[in-house]
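The structure appears below as structure tokens.
The values are calculated or read from the model by the stated rules, or taken from the named source; none is laboratory data. Because the structure is predicted, anything quoted here is derived from the model rather than measured. As a convention, Cβ positions derive from the backbone with ideal geometry for all residues, glycine included, and neighbour counts pool all protein chains shown.
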Amino acid sequence: MKRFLLLVFVLATTIGNAFDNQYNKHDPDTKISSFFLMGERCSGTKFVNSLISRNFNIEKAKFSHKHFIPWLNVSKSDKINSSQLTNSETIQLFKNTEHVLFIFLVRDPYDWLRSFYQKPHHVKNDLKKNFSTFISHNWECYGHQSNPEITEVDNWNPWKGRKFKNVLELRKYKNLNFMQVSSFVKNYLLVRYEDVRDNQEEFIEFIASFYSMEKNEEFKPTLTYVGFKENNQEFKISEYFIPDLKQVLHINRSMDWNIERALGYFEKSRLDLAHDNR
């Protein structure tokens with residue numbers, strides 16, 4: 001894990017344009033036949049899933065829960081449940097996935113926090129009281145009996161041997177875990193939600209070119225998508241409340257900006273957030 005963190009920090013200054021970055025990888029000897037899109041809740045996975053499915057004749061890989069992949073490369077001494085995989089178990093997990101394109105979707109941290117607060121999927125009720133509580137209190141996840149991995153993944157930080165301090169620490173380690181996937185697969189894409197949202201056709205063109213995939217003849221943008229309640233919803237850019245100064249200061253103090261900068265995100269002031277809403 002420490003070696004991987006160093007890799008992230010070294011690459012932090014090498015992120016290129018919207019879709020071309022040094023995390024992306026493609027094995028030219030493999031033909032991609034399916035994709036697996038992963039990312040945190042409220043990161044835009046339904047939107048991007050829809051966009052890819054509309055423009056490629058490609059299947060969705062049945063791999064894992066898109067928001068709750070297992071913790072990868074955990075030492076044997078730190079492993080406490082089945083959601084945490086040792087190095088050999090991680091290698092086994094990704095066996096025979098050479099024809100899968102793994103896509104990690106990440107979102108602006110300030111927008112993500114506010115969206116997640118407004119749609120707190122699998123979150124304990126105590127954390128929903130107000131935004132200050134949501135961003136500062138110890139993290140607790142609520143799952144379903146049919147999906148025990150949800151609570152197992154979210155309720156224990158295997159790298160620290162304890163629960164997550166708050167949602168900001170959860171973001172840090174889950175994003176690092178999504179990024180670690182690139183070390184175990186043949187084909188991988190890291191992409192920011194905002195870049196896809198604002199450049200839908202360019203995103204499809206990039207995938208087709210970089211991964212040698214045949215796209216559909218006619219480009220079809222995502223104008224609607226299937227929402228959380230399985231109803232068709234019109235896609236529109238959300239506007240969010242502006243956090244108060246104390247909340248912004250807490251976010252900025254608690255966020256790991258080395259990792260955020262590696263993903264292409266930078267610290268904002270309350271004034272910046274107010275300007276974003278214009």
Exercise for review: Give the number of residues within the range 55-108 that are without any contact (Cβ under 8 Å) to a residue 12 or more places away in the chain and part of a loop (DSSP other than H, G, I, E, B).
Suggested key: 6
Revision key, fill the gap. Of the conditions (1) in contact (Cβ under 8 Å) with a residue 40 or more places away in the chain; (2) within 21 Å of the chain's Cα centre (by Cα), the single one that Glu140 does not satisfy is (1)
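Using the structure shown, decide if Phe116 is under 22 Å from Ser64 (Cβ atoms) and either hydrophobic (A, V, I, L, M, F, W, C) or part of a loop (DSSP other than H, G, I, E, B) (or both).
yes
Can you tell me which residues in the range 16-45 are in contact (Cβ under 8 Å) with a residue 40 or more places away in the chain and surrounded by fewer than 18 Cβ atoms within 10 Å (Cβ to Cβ)?
Going through the range 16-45, the residues in contact (Cβ under 8 Å) with a residue 40 or more places away in the chain turn out to be 18-21, 23-28, 30-45.
If the condition is that a residue be in contact (Cβ under 8 Å) with a residue 40 or more places away in the chain and surrounded by fewer than 18 Cβ atoms within 10 Å (Cβ to Cβ), then Ala18, Asp20, Lys25, His26, Asp27, Pro28, Thr30, Lys31, Ser33, Ser34 are the ones that fit.
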Check your understanding: List pairs: first in the range 250-273 and closer than 17 Å to Phe131 by Cβ and touching a residue at least 40 places away in the same chain (Cβ under 8 Å), second among the polar types (S, T, N, Q) and outside any helix (DSSP H, G or I), Cβ under 7 Å, 6+ apart or cross-chain?
Key -> Ser254/Asn166
**Study point:** Residue tally, condition among the charged types (D, E, K, R), modelled with pLDDT of 95 or more, surrounded by fewer than 12 Cβ atoms within 10 Å (Cβ to Cβ) and not in a loop (DSSP other than H, G, I, E, B), over the range 205-259
**Key:** 2
Study note, to complete from the structure: Within the range 163-211, residues closer than 16 Å to Ile32 by Cβ and among the acidic types (Asp, Glu) come out as Glu205
Point to revise | Members of the range 120-150 found to be assigned to a helix (DSSP H, G or I), surrounded by 15 or more Cβ atoms within 10 Å (Cβ to Cβ) and out of contact with any Phe, Trp or Tyr (no Cβ under 7 Å at 6 or more places or on another chain), listed by number | key: Ile135, Ser136
Check your understanding: Quick one: Val153 ticks every box in (1) more than 20 Å from His250 (Cα to Cα); (2) surrounded by fewer than 19 Cβ atoms within 10 Å (Cβ to Cβ) bar one, so which box is it?
Key -> (2)
Check your understanding: Is there a residue in the range 100-120 that is touching a strand residue (DSSP E or B) at 6+ places or on another chain (Cβ under 6 Å) and at pLDDT below 95?
Key -> no
Review point. Out of (1) over 30 Å from Ile237 (Cβ atoms); (2) touching a helix residue (DSSP H, G or I) at 6+ places or on another chain (Cβ under 9 Å), what's the single condition that is false for Gly161?
Key: (2)
Practice item. Residues being touching a strand residue (DSSP E or B) at 6+ places or on another chain (Cβ under 8 Å) and surrounded by fewer than 19 Cβ atoms within 10 Å (Cβ to Cβ): count how many of those fall in the range 68-87. Key: 1
Review point. Could you list, in sequence order, the residues of the range 1-46 that are modelled with pLDDT under 90 and either among the charged types (D, E, K, R) or touching a Lys or Arg at 6+ places or on another chain (Cβ under 6 Å) (or both)?
Key: Lys2, Arg3, Ala12, Asp20
